[in-house]
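Participant: My questions all concern the structure below.
The values are calculated or read from the model by the stated rules, or taken from the named source; none is laboratory data. A quick note: this is a predicted structure, and the numbers were derived from the prediction, not measured. Here Cβ is always computed from backbone atoms with ideal geometry, including for glycine, and neighbour counts include all displayed protein chains. Side chains are part of the model used for accessible areas, which takes the heavy atoms of the whole protein and leaves out ligands, DNA and RNA. Shrake-Rupley method; radii C 1.70, N 1.55, O 1.52, S 1.80 Å.
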Amino acid sequence: MKFIETRGNDGIHPSEVTFSEAILSPIASHGGLYVPKELPNLGEAFLVKHLSSSYKTLAKDLLTTLAIDIDSSVIDEALSLYDGFDDPSNPVPVVKVRDDLYVSELYHGPTRAFKDMALQPFGVVLSSIAQKRNEEYLILAATSGDTGPAALETFKNRPNVRVVCLYPDGGTSDVQRLQMVTEDAPNLKVIGIKGDFDDAQSALKKLLGSASFKSALKEKQISLSAANSVNFGRIIFQIIYHIHSYLELVRQNVIVMGEKVYLDVPSGNFGNALGGYYAMKMGLPVEKIIIASNENNVLTRLINTGRYDLRGEKVIPTTSPAMDILISSNVERILFDLFGSVRTKELMQGLESERFYPLNDDETMKLQSFFAADYCNGEEGKGYIREAFDHGYLMDPHTATCFKAYDCCATKKLKTIVYSTAEWTKFSPTIANALSGEVDAKDIDALQSISNRASLPIPAMIKGLFTKPITQDSVIEKENIEREILKFLS
Ligand SMILES: *Cc1c(COP(=O)(O)O)cnc(C)c1O
């Protein structure tokens, strides 16, 4: 499979690249992204063939069909990381919660959020490409809480890759911070920034533009890469679980092969939803993809009105922080697929210069033939958490947004797959508040109170964080980031 560019080619970048090239430098001409040149139609035969396959067998066949330039043995090693999930024979359980609603649990990996689904195998793939080319890579990540722990976990002790992770000191949950500051490997550096997530992110952007930083890296023969969710190396692993979840429903005799379903996705940067869209394009029987948002509802407005409008908008902090986003990067890949590169470039440049683009009526209808959307505020979300708990299911605030979207958007009587993106342990104060009204509980107290109420143990890897030694204790002013990183690299 070859990759082309969402905003067309500038005559400087190569006109098409391989999968490994798209992974190593994910940004294409005119600031665009790489997308598959074409996707195969898998047909029902592929689904039937994998009705009794394990997750890894399905994944291997899909990646082989997509013909990426990664050695078969490396793919096997990458997929073997799913053996570290709670149930190696089924890393992604799908459970019935109510009526026609089934939850696909994407959080059974080491850091208890769905970022592991893609980042776990991605770490092996990126490190192996770097080794093969005999090159050293530095991955810089700014995190608001879930990407950081998952990136550190996947790259720890992997050859030819170093990771520096910036987080806002005081801006993450205790669990998320401890997951980062207790990581102990010579190729990892975690830095707390005095400021909020935007400060961390803008500091990182500034660094990427700094001439002295670039020349220092060049001298050390280190190249920069990225592990954020625009990297197609992550997207590719997010197609698999949509197909798996559908097959699970067939296996559980909930649907018959070929029956259409809704996919209901809690969305931020749109990587998860994009994986579902590609699965649908390749022939998965999907009626529509329902996009769930929180109070930062740009995606809901885009899909319902055809207007991407950020004028006068600011990020609103919510109880589902992994979805607190205004610029949802992977939407660009949908624009390309539906409207082509010339139009995508025009729209994206509009967004960058005017903070706004309008789709025309035909385009809006086309978008709506694939997607429906709604958003859920924090109070509504807590209501859904309480209601699900009363029926025996414990879920996190991101997953809860999908229940509102289901009530609003699943208009046909079809089965719906809701994607659960985090375990209750990662957002326990909000859940404890929803269940018993307690406010401002510390994570450790909220975990204990939910555990008692639900008669569920706190998972060992979460409980252990509170007694693990802190090995990454840098908390610095953002002006000192460059110096701190260069110190780590020398
Ligand atoms: C990252 C994340 C999301 C958003 O996923 P996207 O692929 O960026 O749309 C939702 N929920 C949780 C818990 C996350 O960590």
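Participant: At what distance in angstrom do the alpha carbon centres of the range 95-159 and the range 267-322 lie from each other?
Facilitator: Their Cα centres are 21 Å away from one another.
Participant: Classify the range 123-228 as rounded, prolate or oblate, taking a ≥ b ≥ c as the square roots of the eigenvalues of its Cα gyration tensor: rounded when a/c is under 1.5, otherwise prolate if a/b is larger than b/c and oblate if not.
Facilitator: oblate
Participant: Using a 7 Å offset from the Cα along the Cα-to-Cβ direction at both Ser54 and Asp184, what is the distance between the two label points in nm, to one decimal?
Facilitator: Placing both labels 7 Å beyond Cα along the Cβ direction yields 3.2 nm.
Participant: Would the range 1-48 count as rounded, prolate or oblate if I go by the C-alpha gyration tensor, calling it rounded below 1.5 in a/c and otherwise prolate when a/b exceeds b/c, oblate otherwise?
Facilitator: Prolate shape, in that a/c is at least 1.5 and a/b is the bigger ratio.
Participant: Would you mind checking the pairs Lys2/Lys412; Lys115/Lys206; Lys189/Lys463 and listing those with alpha carbons more than 29 angstrom apart?
Facilitator: Lys2/Lys412
Participant: At 1.4 Å probe size, with the rest of the protein present, what percent of the exposed accessible area of the range 142-277 is carbon and sulfur atoms?
Facilitator: 45
Participant: Scanning the chain for helices, which whole DSSP H stretches are 20 Å or more long along the axis (Cα) and average -1.0 or more by Kyte-Doolittle?
Facilitator: Qualifying helices, which must be both long enough and hydrophobic enough, are 115-133, 237-251.
Participant: Based on the Cβ-Cβ distance of Thr471 and Asp174, what FRET efficiency does E = 1/(1 + (r/R0)^6) give at R0 = 25 Å, to the nearest 0.05?
Facilitator: Between Thr471 and Asp174 the formula returns 0.95.
Participant: Also: Taking amide H positions as placed in the peptide plane 1.01 Å from N, state which residues far from Glu136 in sequence (5 or more) or on other chains have amide H under 5 Å from it.
Facilitator: Under 5 Å from the amide H of Glu136 lie the amide H atoms of Ser223, each far enough along the sequence or on another chain.
Participant: Where only protein heavy atoms count, and the probe is 1.4 Å, what is the accessible area per residue for the chain in Å²?
Facilitator: Using a 1.4 Å probe on heavy atoms only, each residue of the chain averages 39 Å².
Participant: Tell me the relative contact order for the range 109-218 as a rounded percent, counting alpha carbon contacts under 8 Å between residues six or more apart.
Facilitator: Computed over the range 109-218, the figure is 25 percent.
Participant: Stretch Asp440-Ser80 to full length: gain in nm at 0.36 nm per residue minus the Cα-Cα span?
Facilitator: Difference between extended and current length: 125.6 nm.
Participant: Sum -39500 (n - 2.57) across every DSSP H segment of at least 4 residues in the chain, then divide by the residue count to get the 222 nm mean residue ellipticity, nearest 500.
Facilitator: -13500 deg cm²/dmol
Participant: Can you tell me how the chain classifies by the Cα gyration tensor, rounded, prolate or oblate, using a/c under 1.5 as the rounded cut?
Facilitator: It comes out rounded by the Cα gyration axes.
Participant: If you average 1/r across every pair of different Cα atoms in the range 289-379 and take the reciprocal, what Kirkwood value do you get, in Å?
Facilitator: Here the Kirkwood hydrodynamic radius works out to 13.5 Å.
Participant: Given H placed on each backbone N at 1.01 Å, which residues far from Val286 in sequence or on other chains put an amide H within less than 5 Å of it?
Facilitator: Amide H neighbours of Val286: Val261.
Participant: Quick one: with all protein chains in place, what share of the accessible area of the range 298-457 is carbon or sulfur, to the nearest percent (1.4 Å probe)?
Facilitator: 51
Participant: For the chain, what is the relative contact order in percent, using Cα pairs closer than 8 Å and at least 6 residues apart in sequence?
Facilitator: Once normalised by length, the contact order is 18 percent.
Participant: Hey, another quick one. Please give the contour-minus-distance gain from Lys463 to Asp87: 0.36 nm per residue of separation, less the Cα-Cα distance, rounded to one decimal in nm.
Facilitator: 133.4 nm
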